[in-house]
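Heads up, the thing below is written out as structure tokens.
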Amino acid sequence: MANFTPMASLLGGALIGVSASLLLLATGRIAGISGIVGGLFGGSREDVAWRLWFLVGMLAGGLSIKLSYPQALAMELTRSPTALVAAGLLVGFGTRFGNGCTSGHGICGISRFSMRSLVATITFMAVAAVTVFIVNHVFGGTI
């Protein structure tokens, strides 16, 4: 495992947990990213401000890491642009079909002991593992 980073992963996970908890405590809202973004286009007017600020904060956090510690986000993409677009569309379809994303179900739902979120997260992870196996071993990683 060339990219094993337990301390950075632990810190990142803790920060995600703290931010999701703060959002829930402060607003009563779940930090499900697909729901937050989706609410920008179909939610009520009073919901738009906090959703925009949440997304601005996520982007600002990523940008600040990129500027202060660029090697933290360094990676090499080995997939074609077509494969990346197809993957994004499938993830979008999956979040609509599963009524939530990994952040909503996997972080917030499981921490609230939601059986539906547990089943959804197990499904996400199983499908991801099968997909990686198929792409890497059936298609040789060239998609």
Problem set entry | Full-extension gain in nm, L10 to K66, via 0.36 nm per residue minus C-alpha separation | 18.3 nm
Problem set entry | Dimensions in Å of the chain - Rg and Dmax from alpha carbons | 16.9, 49
For this session: Quickly work out the D47-to-V127 label distance, labels modelled 7 Å from Cα along the C-beta direction, and quote it in nm with one decimal.
Result: 2.2 nm
Exercise. Region 91-138: which chymotrypsin sites (Phe, Trp or Tyr not before Pro) are DSSP loop and have at most 15 other beta-carbon atoms within 10 angstrom?
Worked result: F113
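Can you list the chymotrypsin sites (Phe, Trp or Tyr not before Pro) in region 1-60 that are in a DSSP coil and have 11 or fewer other beta carbons within 10 angstrom? Walk me through the numbers before you get to the answer.
On the way: sites: F4, F41, W50, W53, F54; in loops: F4.
Hits after loop and neighbour filter: F4.
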Exercise. How far is it, in nm, from the label point at L84 to the one at L22 when both lie 7 Å from their Cα along the line to the Cβ?
Worked result: 3.0 nm
For this session: Write out the trypsin sites (Lys or Arg not before Pro) in region 53-105 meeting two conditions: DSSP loop, and at most 14 other Cβ atoms within 10 Å of their Cβ.
Result: R79
Problem set entry | Label-to-label distance, nm, for residues given as V119 and V135 (7 Å Cα→Cβ offset) | 2.7 nm
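Here, each number is a calculation from the coordinates, and none is a lab measurement. The shown structure was predicted, so the numbers you read here are calculated from the model rather than taken from an experiment. Counting neighbours? That spans all protein chains shown, and the Cβs are built from the backbone with ideal geometry, glycine included.
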